[in-house]
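Novice: Sending over a structure as structure tokens; questions will come in a sec.
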Amino acid sequence: MISANRVVLVINSGSSSLKFELVEPDAGVSRATGSIEQIGEASSSVANHDAALHRAFDKLAEDGIDLQTCGLVAVGHRVVHGGNEFHQPTLLDDAVIGKLEELSALAPLHNPPAVLGIRVARKLLPDVPHVAVFDTAFFHDLPPAAATYAIDREVADSWQIRRYGFHGTSHQYVSEQAAAFLDRPPSGLNQIVLHLGNGASASAIARGCPVETSMGLTPMEGLVMGTRSGDVDPGVISYLWRTAKMGVDEIESMLNHRSGVLGLAGERDFRRLRTMIEIGDRPAQLAYSVFIHRLRKYIGAYLAVLGHTDVVSFTAGIGENDAAVRRDALAGMAELGIELDEDRNVGPATGARRISTDGSAVAVLVVPTNEELAIARDCLSVL
Ligand code: ADP
């Protein structure tokens, strides 16, 4: 059966996982979704990204979806780093892919698997346009004061060192949804968005334009995350290199994969972390308080950057589901205009909702993110 609705296949290709979703962007609905994990791992039956994408297509076929006849108009690829050059959804051809490969130096953990996913998908689906959507795009025009590191200017210019920001697709989508929920145009609101998932980032958005975000050259800066440290004194890195004799890859791997909540508590999932806290596990309690302290520090900073804030939105796995994190992040901020309603905060998670009191000067919302839908809509914008 030929489907009348336009369909976009969204692919998020990581080093060991490939997530996919078939989206109808016009209706805003998901037709199918899935993920292939443990790609290339010794114990896994999925040897590489090629095999993973074949497996994804098999899964779609099991759901009765034929990509040839389902109305597929584009394949959207999430690409983490767009560097200075890519700040719009971009139609992929060999030249663009070559440039993305050059950008891999800026994002060695994230861009190479995305490029791999793009190559495999173009081979398997050669007749539809493939579009790259960049996690950095939304923050491309951060004000220079927020985008610039105060380091030697020549060095920064030679090596394209600036604050790029990430999770942009989510920050943009959530800020637009928050505005729609409040029945106001994004241009009429000052917003703080807190994207709290395994990766975590915050942004300040003034009248629709991002003016600050917590991630920088790479997605390691800023908030404490599941396995990433967030902010550390750069002196830590030279100290570990010089004195502890750790290599640069070892240090990077530690800061990315064995730090954050996992590094402090031995657990990164907030559901299990909560159970550990309840039974008095001290490292879990410390990890949680470091996470909350950093988050509050950023909220305070962004309230100051914006001067006037209309809305604070929580999103992603932790932000959407963990009422205690939301409570602790905003506790004692009544004098800053933020008052959470305890009952609304623990209420059922259905769509976008308000969790502040009616009298709170700043509206506090929970807004489910949907990066796949946003990517699919971005794809249509370039077709
Ligand atoms: P990713 O960055 O991988 O997209 P998600 O946004 O899916 O991450 O967030 C994943 C995290 O959300 C989990 O590791 C877990 O810590 C947290 N999470 C998910 N569901 C809940 C829940 N019901 N309560 C608390 N935390 C949750």
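Every number here is computed from the coordinates shown, using simple stated rules; none is lab data. Because the structure is a prediction, the values reported are computed rather than measured. Cβ atoms come from the backbone with ideal geometry, glycine included; neighbour counts cover every protein chain shown.
Novice: For region 129-193, treating each Cα as an identical point scatterer without solvent, what Debye log10 I(q)/I(0) comes out at q = 0.11, 0.15, 0.20, 0.24 1/Å?
Specialist: -0.38, -0.63, -0.88, -1.03
Novice: While we're here: To one decimal place, what Kirkwood hydrodynamic radius in Å is obtained for region 164-272 from all pairs of distinct Cα atoms?
Specialist: Numbers: mean 1/r = 0.0654 Å⁻¹.
Kirkwood hydrodynamic radius for region 164-272: 15.3 Å.
Novice: If you don't mind, there's one more thing I want to ask. Among 179, 114, 145, which one shows the biggest mean-square fluctuation in a GNM of the chain, springs joining Cα atoms closer than 10 Å?
Specialist: 145
Novice: Enumerate the calculated ³J(HN,Hα) couplings along region 372-383 in order (Karplus 6.51 cos²θ - 1.76 cosθ + 1.60, θ = phi - 60°), each rounded to whole Hz, writing x wherever the residue is Gly or Pro.
Specialist: 5, 4, 5, 5, 4, 5, 4, 4, 4, 5, 9, 6
Novice: Continuing with this model, one more query. What are the residues whose amide H is under 5 Å from the amide H of residue 213, where those residues sit 5 or more places off or on another chain and H is modelled from the backbone?
Specialist: When sequence neighbours closer than 5 places are left aside, the close amide H contacts are 204.
Novice: How large is ³J(HN,Hα), in whole Hz, for each residue of region 120-128 in order, when computed from phi with the Karplus curve 6.51 cos²θ - 1.76 cosθ + 1.60 and θ = phi - 60°, using x for Gly and Pro?
Specialist: The phi angles translate into 5, 5, 5, 5, 7, 10, x, 9, 10 Hz.
Novice: Could I get the Rg over Rh figure for the chain? Both from C-alpha atoms, Rh via Kirkwood, rounded to two places.
Specialist: A ratio of 0.96.
Novice: Per the helix-only calculation at 222 nm, which mean residue ellipticity applies to the chain, given -39500 (n - 2.57) for every DSSP H run of n ≥ 4 and division by its residues, nearest 500 deg cm²/dmol? Please report the intermediate quantities before stating the final value.
Specialist: On the way: 15 runs with 149 residues, N = 383.
Helix-only estimate at 222 nm: -11500 deg cm²/dmol.
Novice: Total Lys pairs in the chain closer than 27 Å by alpha-carbon, pairs eight or more apart in sequence or interchain only?
Specialist: The number of close lysine pairs in the chain is 5.
Novice: Now, a different point. For residue 80, what residues show an amide H to amide H distance below 5 Å, using hydrogens built from the backbone and excluding near sequence neighbours?
Specialist: 135
Novice: Using a Gaussian network model of the chain whose springs link C-alpha atoms within less than 10 Å, name the residue from 89, 348, 219 with the highest mean-square fluctuation.
Specialist: Taking springs between Cα atoms under 10 Å, the residue moving most is 348.
Novice: Can you run phi through the Karplus equation (6.51, -1.76, 1.60; θ = phi - 60°) for region 277-289 and list ³J(HN,Hα) in whole Hz, with x for Gly and Pro?
Specialist: In residue order, the calculated couplings are 4, 5, 8, x, 5, 5, x, 5, 5, 5, 4, 5, 5 Hz.
Novice: Let me ask something else. Using a Gaussian network model of the chain whose springs link C-alpha atoms within less than 10 Å, name the residue from 236, 224, 366 with the highest mean-square fluctuation.
Specialist: The residue that fluctuates most here is 236.
Novice: Can you sort 333, 254 by how many other beta carbons sit within 10 Å, fewest first? Please report the intermediate quantities before stating the final value.
Specialist: Values: 333 19, 254 15.
Least crowded to most crowded, the residues run 254, 333.
Novice: Magnitude of the Cβ-charge dipole of region 1-103, K/R +1 and D/E -1, about the Cα centre, nearest 20 debye? Intermediate values should be presented prior to the final figure.
Specialist: Values: 7 positive and 15 negative charges, 43 e Å.
That gives region 1-103 a dipole magnitude of about 200 debye.
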